[in-house]
Amino acid sequence: MRKADGHLTSLITKNEDVFNMLDSLLRDEGAFWNSFYEDRKKKVPFFVDAPDENLVEYIERGLLKPGRVLELGCGPGRNAIFLAQCGFEVDAVDLSSEGLEWARERAMEKGVDVKFIQGSIFEMDLPHKEYDLIYDSGCFHHVPPHRRVSYLHLLNNCLKVGGHFAITCFDAVGMGLDIPDMDVYKGRSMQGGLGYTFERMREVFSDFEEVELRKMNEISQPADTFGLPFLNAGLFRK
């Protein structure tokens, strides 16, 4: 559905053509996130250099063991770096070259090895069933409804049997983002992100075994961990 110059054609012949057409109705995510990360002094909560409190707890409780991990939407790298410090082999993906430049600087300062990869999680060729953990902190609630299909395919294609998937995402009620899927396309906007109740999360990830699903704990900064009460935290097993 895309010509060599990158423009959309009008002929739809396969599912990916439909996905690309619907993508084109919404904002250019790569350009948005590059602009978002340009000013590192902005008062953005997750700009802190501290890992998610739920992720730290999973490891402290022994729910997650070191292995190979894929982080989706790693941003400035706070969780990827923490996982590398805990002995994980980390592949960390983000659309934003600006965010990844910041992440690489942080990793270098801390002397840890993380493989940072720039691009769309829906367009890259990722290893098949090689990951023990896929971690998502704030990526999924920016995934438009039609791309949930692609997202679930990625999880099933990349996770080992017995591997874990962990996520933090907007709470529908706490963020006031209980948006019907159809409204995304009517208004051509994700309205800052899609919120999820526990029930909707269980429905989306019904192919996985639920290990734990709770609200994130609020962590006052500065602190060694990060947490906000309007985010849901889930841990699932394949």
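Placing dummy labels 7 Å off each Cα toward the beta-carbon, the span from residue 200 to residue 97 is 3.4 nm.
You can think of it this way: the chain between residue 182 and residue 149 has 10.3 nm of extra reach, that is 0.36 nm per residue less the Cα-Cα gap. Between residue 17 and residue 191, the FRET efficiency from the beta-carbon distance, with R0 = 22 Å, is close to 0.30.
Ordering 206, 192, 111 by Cα displacement along the dipole of region 107-208 toward the positive end leaves 192 in first place; charges were set at the Cβ atoms of Lys, Arg (+1) and Asp, Glu (-1). Taking the longest Cα principal axis of the chain as reference, the axis of helix 148-158 is set at about 50 degrees. Magnitude of the charge dipole for region 170-238, about its Cα centre and with charges confined to Cβ atoms of Lys, Arg (+1) and Asp, Glu (-1), is about 160 debye.
Taking every DSSP helix (H) stretch of at least 4 residues in the chain, weighting each as -39,500 (n - 2.57) and dividing the sum by the residue count yields a mean residue ellipticity at 222 nm of -9000 deg cm²/dmol.
With no solvent and one equal point scatterer placed on each C-alpha of the chain, evaluate the Debye formula and give log10 I(q)/I(0) for q = 0.17 Å⁻¹, two decimals. So the normalised log intensities work out to -1.44. Computing FRET efficiency as 1/(1 + (r/R0)^6) for residue 124 and residue 220, where r is the C-beta to C-beta distance and R0 is 35 Å, gives about 0.40. Does region 51-165 classify as rounded, prolate or oblate by the C-alpha gyration tensor (a ≥ b ≥ c root eigenvalues; a/c under 1.5 gives rounded; else a/b over b/c gives prolate, otherwise oblate)? Because a/c hits 1.5 or more and a/b fails to exceed b/c, region 51-165 counts as oblate. Between residue 211 and residue 105, the modelled label-to-label distance comes to 3.4 nm, taking each label 7 Å out from Cα in the direction of the beta carbon. Distance from the alpha carbon centroid of region 79-94 to that of region 177-213 works out to 26 angstrom.
Projecting label points 7 angstrom from Cα along Cα→Cβ for residue 85 and residue 173 puts them 3.4 nm apart.
Since every read-out is calculated from the coordinates, none of them should be taken as a lab result. Since this is a predicted model, take the numbers as computed values, not measurements. Because the Cβ atoms are built from the backbone with ideal geometry, glycine has one as well, and the counts that use them run over all protein chains shown.
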